[in-house]
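Quick one: the structure is below, and I'll ask about it shortly.
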Amino acid sequence: MGECAMQVIEKHLLVCALGPVQDFIATARTSRDLWFGSWMLSELSKAAAKCLAAEPNQLVFPAPRSVGDLDPGSDLSVANKIAAVVEGDPQVITDQMRQAVTERLMAFWSEVRRAVTGAVDWDLAQEQLGDLVEFTWASVPYPGAPHYRRARSQAEACLASRKNTRGFRQTQGRAGTPKSSLDGARESVLVGHSGSMTSDQRFVAYHAEPGEELSGIDLLKRRAKDQKFPSTTDIAAKPYRIMLGTGKDSCLLERIDLLLRDYTCSQETAGAHYYPERLAQLIPDVDRRRKFRQEYARIFKTEGIERQASPHYALLLADGDDMGRTIDALQTSEQHRSFSQRLSEFAAIANERIGSHSGAPIYVGGDDILAYLPLHTALACVSELDAEFRATLRDFAYQRDGAMRSPTLSGALVIAHHLTPLSDVLETARGAEKKAKAVKGKNALTIVLSKRGGADRTAVAPLGELLDRMRVLIGYRRQRLISAGTAYELEQLHRQLGGSELQAKALSKEAERIIKRKYEGGGHQAIRPEVLEQFRAWFGHPEPHLAELAQEMIIAAEFAGAYEMADIDIGEVQG
Amino acid sequence: MTVWLIQPRDPLIFRDGRPFSAMPGARARTLAFPYPSTLAGGVRTRAGQDSNGRFDKQQIDRLLRHTIRGPLLVSLDDYGEVTQWHFPAPADAFVIEAAAQLTVQRLWVRPVYLPHGAATDLGNGVLVSTNPASRGKADSAAPSFWSWETVDAWLAEPGDDPAPVLRSTLGPGKLVRESRIHVSIDPETQTASEGLLYETTGLEFVTNPSGEGRGALSAVQQYALAVDTDAELQPGVDFLGGERRMVNWAASRRSFPECPQGVRHTIVSQGHCRVLLVTPAIFEGGHLPAWLTRAVPGVTVRVVAVANRRYGTVSGWDAKRRTQKATRRLVPAGSVYFLSLDGDPAARERFVDLMWLQAVSDEEQDRRDGLGMALLGTWNGEIQPLEVEDEDTSS
């Protein structure tokens, strides 16, 4: 008779990627651009993921504990990749996701339209916006939980192939229009070009810096959320402001602010008030700028303050080692969900830690960290993040070099000048992170001291070891137990004799002689025996070798300055 | 048509579209390699100069009709003649790090069928992938240019390297970039003027074969740009690119490589080919060519699959209208198109002749400017099922 039609509900494993990361994150001029680009991409990913949050679909990555975590503006940071087990036609589902992303983007855009007061080519901006989001996906049939690993391999392979064909449409540009200062690729939508309005007028109208041209996408990043983000200058100023104390700090700020009002109506953050160069940039006229500097110097003279703020801050770029291998080792979708949740937990902890160390997280999501930290807390923060990462992910394991390992963190800490263009600092950080990832055994850290007018100083070593040594070296500098010149002499020694056939022992002896000879104060103080012992111990091992140690000492001196300003007892630094 | 060599004396700056004005902290950065439009402009400007170096504006329309092919990166010998032609690394070669130091392995990215029941947002389009799907890590130091020998072999017989090869045998490393900070000197005080610092980053046409700046000076290799044009030029010193950096123009006795007989024969007999873009192309359909598919009567050309990277943008300055040009998107050099050529062998021969190292952009003026120069390679027309291996858990 009639057959009983068996309804086999087809499940698919869906993996999606949202982009283009380049437009959202890489083309940033200010720290706020960078932070906002990352945040907006996360918000768009959340909007897409939310479509899959309810039954019968099941999100694998991200795996929020409650649907509310995917609401706009929630605390959860989501990476631009989504994986889920879905029921129904993947084409229909992904169309819904695309729609959700567009709606969220338009919500941001309406904020911009409300906020911008100047004349803008809104049609062109809208066109640029319509073209912005790239949403690629791949789906494979999902026969059930026992086949998760295989399905995941296939889905990832399909998505990787998909990314080999980068389709795009031709654009309708506008002749006679300058291009965006951020990416040089899109036309500027600001009708008030640099010629026709003053810098102050342009700032009020668009929040554009002097001479800056902004496309619709740039405007989106600048104006969609009226939230300030601490600049590199703010972070660099922190140790100094601790040194001043709250009373002196507010008094000085008031006086400087009053002075600034006489010269420009551009705004600047509190921290920036301690950097006359930064403030001077807001005053276009050369003679007035000179006058401003003179009056600025006078304020500090009358207050009896000689010391100026240090211009350096630290940029931290870190991510989990071998995350791909760790995920590949997961057998079921449940394990993957659990892993996703642990990563979100870590991200929340990391955000909190960075904040408690007076830093500013730019992007913390999944296993990625990008943050600013002031010099007097950067090392302590890195140490804590490393410990928290290992603790949070200790239940997962993968195989490397024949042994089972649990996930660890590697990264780079770049000490940069607050006025160095962000793109340069990021580039330095990325190169430094690569060096850290190349260290055998992983869990390594690269510290780069990138001062203006000098070569970069780099130290690379396993994270724990490097932080320990830095702690000791910073202590020595703070207590003046070794002189500043010692490091440079050791470097010189390495340069002259390091490549020669001189026996390692002879080299160590010469290094020791230098250590003993260089004492602080110029008096007849001998070097402390425990300090000499420590150096002997270091020289006795192939790692760290002389050149590396010299770099670490030079870098430590920079940190020591900040610790001194903020009056941090070296004993306070936790391991 | 003569091949002209442009030998840089200074580091050259080929700016992207970012505005560069007299604002504090201004920077002029260079692209990694000049667009054809820059060289086309250089050729036409030079051709329109009289013996005193003055440009005749009345000539612009005539000059626009000159054809320029290139630019190509070339190695020069001590006498300034070409020793090697270099081409952008093809996008259908996935280069992964190999175990031994300084070695890599190339995997061929080719058209594949997805596993049964799988789908992507490309819909019915054919995807390209390494096969079996590779889990290797892309080599970050992979050369962006391959020498002609390497390209020749890849055009004739693409495929996975059976064993790792030395990275340096593929082609030149990255061109060195040189940064300078400039000041403006106040003539009265003879000191730097306030706030008028700017930075420029230019391309030095040298590579250091040992990498990391540790090689001997004698090992440094000198490069130049080569263009093939029908314009009448004079040798001599001139400016090219931003900041009026100097170059030397000299005629070459060599010509661009010809299509290898083996490749021609295979394409004609198999009825399929790959088109490898040697300079960026501009198509009305974005990444999909139009003119290319109908240029040769008697041949039906179909684009089966595409391996490419993200689009670039170009604008520039319109010398005739004296204003900024509108931005347009280009398919980057190195992109590879897998084509089927339906037609009789004679028509396919005509296709090969018409397309070998000629421009394939949609608009005629773009073709004259050298946008979208193409090399042809073989492809047997096969679309393979994508193989996904189970992970091996050994390290």
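All of the numbers you see were taken from the coordinates with simple rules; none came from a lab. The structure presented is a predicted model; accordingly, all values stated were derived computationally and were not measured. Cβ atoms come from the backbone with ideal geometry, glycine included; neighbour counts cover every protein chain shown.
Using DSSP to call loops (not H, G, I, E or B), can you name the chymotrypsin sites (Phe, Trp or Tyr not before Pro) in the stretch B:21-93 whose Cβ has at most 16 other Cβ atoms within 10 angstrom?
When the chymotrypsin sites (Phe, Trp or Tyr not before Pro) of the stretch B:21-93 are filtered for loop state and at most 16 Cβ neighbours within 10 Å, B:Tyr79 remain.
Let me ask something else about it. At q = 0.08, 0.12, 0.13 Å⁻¹, what log₁₀ I(q)/I(0) does chain B have when each alpha carbon counts as one equal point scatterer in the Debye sum?
The Cα Debye sum returns log10 ratios of -0.47, -1.03, -1.19.
Would you mind ranking A:Leu252, A:Leu343 by Cβ crowding within 10 Å, fewest neighbours first?
A:Leu252, A:Leu343
Let me ask something additional. Per residue of chain A, what 222 nm ellipticity follows from adding -39500 (n - 2.57) for every DSSP H run with n ≥ 4, rounded to the nearest 500? Let's see the in-between values first.
Working: 18 runs with 274 residues, N = 575.
After summing the helix terms and dividing by the residues of chain A, the value is -15500 deg cm²/dmol.
Oh, and also: Inside 10 Å of the C-beta atoms of A:233-240, what's the mean count of C-beta atoms belonging to other chains?
Shielding by partners across A:233-240 averages 0.
What is the order of A:Ser38, B:Ser75, fewest Cβ neighbours within 10 Å to most? Don't skip to the answer; put the middle values down first.
Details: A:Ser38 23, B:Ser75 17.
Fewest-to-most Cβ neighbours within 10 Å comes out as B:Ser75, A:Ser38.
Taking every DSSP beta bridge with both residues inside chain A, roughly what % is antiparallel (nearest 5)?
That works out to approximately 90 percent antiparallel.
In whole Å, what is the distance between the alpha-carbon centres of the stretch A:388-411 and the stretch B:72-102?
So the separation of the two Cα centres works out to 39 Å.
Please identify the longest segment of chain A free of exposed trypsin sites (Lys or Arg not before Pro), where exposed means a DSSP state other than H, G, I, E or B and no more than 10 other Cβ atoms within 10 Å.
Counting at most 10 other Cβ atoms within 10 Å as exposed, the longest clean stretch of chain A is A:66-227.
Tell me the Rg and the Dmax, in Å, that the Cα atoms of the stretch B:206-303 produce.
Calculated on Cα positions, Rg and Dmax stand at 20.1, 56 Å.
Note the angle between two axes, namely the Cα long axis of helix A:286-303 and the longest principal axis of the Cα atoms of chain A, as a number of degrees from 0 to 90, rounded to the nearest 10.
Taking the Cα atoms of chain A, the angle to A:286-303 is about 60 degrees.
Pick from B:Asp121, B:Asp362, B:Asp78 the residue whose mean-square fluctuation is largest in a GNM of chain B, springs joining Cα atoms under 10 Å.
B:Asp121
Please compute, for peptide A:436-442, the average count of beta-carbon atoms on other protein chains lying within 10 Å of each residue's beta-carbon.
Details: counts 0, 0, 0, 0, 0, 0, 0.
If you average over the peptide's residues, the count of other-chain Cβ atoms is 0.
Next question, about the same structure. Just to verify a number: FRET efficiency for A:Gln99 and A:Arg293, C-beta to C-beta distance, R0 = 35 Å, to 0.05? Walk me through the intermediate numbers first.
Values: r = 55 Å, r/R0 = 1.56.
After rounding, the FRET efficiency stands at 0.05.
Compute the angle between helix A:504-517 and the longest alpha-carbon principal axis of chain A, please, reported from 0 to 90 degrees and rounded to the nearest 10.
Helix A:504-517 and the main axis of chain A meet at about 60 degrees.
Helix A:485-497 sits at what angle to the longest principal axis of chain A, using alpha carbons and giving 0 to 90 degrees rounded to 10?
Once rounded, the angle reads 80 degrees.
Have a look at B:Pro88, B:Pro187, B:Pro36 and tell me which one the Gaussian network model of chain B (Cα, springs below 10 Å) gives the largest fluctuation.
B:Pro187
Who wins for biggest fluctuation among B:Ser361, B:Ser140, B:Ser255 in a Gaussian network model of chain B, springs between alpha carbons below 10 Å?
Checking each option, the largest mean-square fluctuation is seen for B:Ser140.
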